[in-house]
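Before any comments, here is the structure.
Coordinate-derived values only; no laboratory data. Note that this is a predicted model, so its numbers are computed, not measured. Note that we place each Cβ from the backbone using ideal geometry, even for glycine, and neighbour counts take in every protein chain shown.
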């Protein structure tokens, strides 16, 4: 079994910044020594999430509208009362989406569907430096 640990770093704009990171993850898997196994992605931060979607403008808007309906920005959050940073909704949204994602690797390729891309979603209310830790494991 081979294991490789990699990092992807980037800047975000905040306020529901959605980034397609499929190419960066693909590149790291291709450069690793793993042909068959898994890659686990983990966000080092508590106001962003990760998932897969069909990355196209309509769905990105639909996804953002869904977050506005189920976790509104403009309601009282105890986190905001405690810290005064106005990002209570960001923490709740991120915890619902999740901080990690695992994808099978088959013959050095991510086992993603034709219309399936990996997206990073920044829910915070301001720009951030972000880091995703990748653990690529297998044979």
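What to note about this one:
- Gaussian network model of the chain, springs between alpha carbon atoms under 10 Å - residue of 118, 43, 70 with greatest fluctuation: 70
- Mean ellipticity per residue at 222 nm, deg cm²/dmol - from DSSP H runs of n ≥ 4 across the chain, formula -39500 (n - 2.57): -8500 deg cm²/dmol
- Rounded to 10°, Cα long-axis angle of helix 22-31 versus longest principal axis of the chain: 30
- Descending Cα extents along the principal axes, segment 2-138, whole Å: 48, 30, 21
- Crossing angle, helix 88-97 versus the chain [Cα axis fit, 0-90 degrees, rounded to tens]: 30
- Separation between Cα centres of segment 93-139 and segment 22-76, rounded to whole Å: 5
- Dividing the radius of gyration of the alpha carbons in segment 71-121 by their Kirkwood radius gives 1.22 for Rg/Rh.
- Neighbour counts of other Cβ atoms within 10 Å put 6, 108 in the fewest-to-most order 108, 6.
- GNM on the chain, alpha-carbon springs under 10 angstrom: the most fluctuating residue among 74, 17, 124 is 74.
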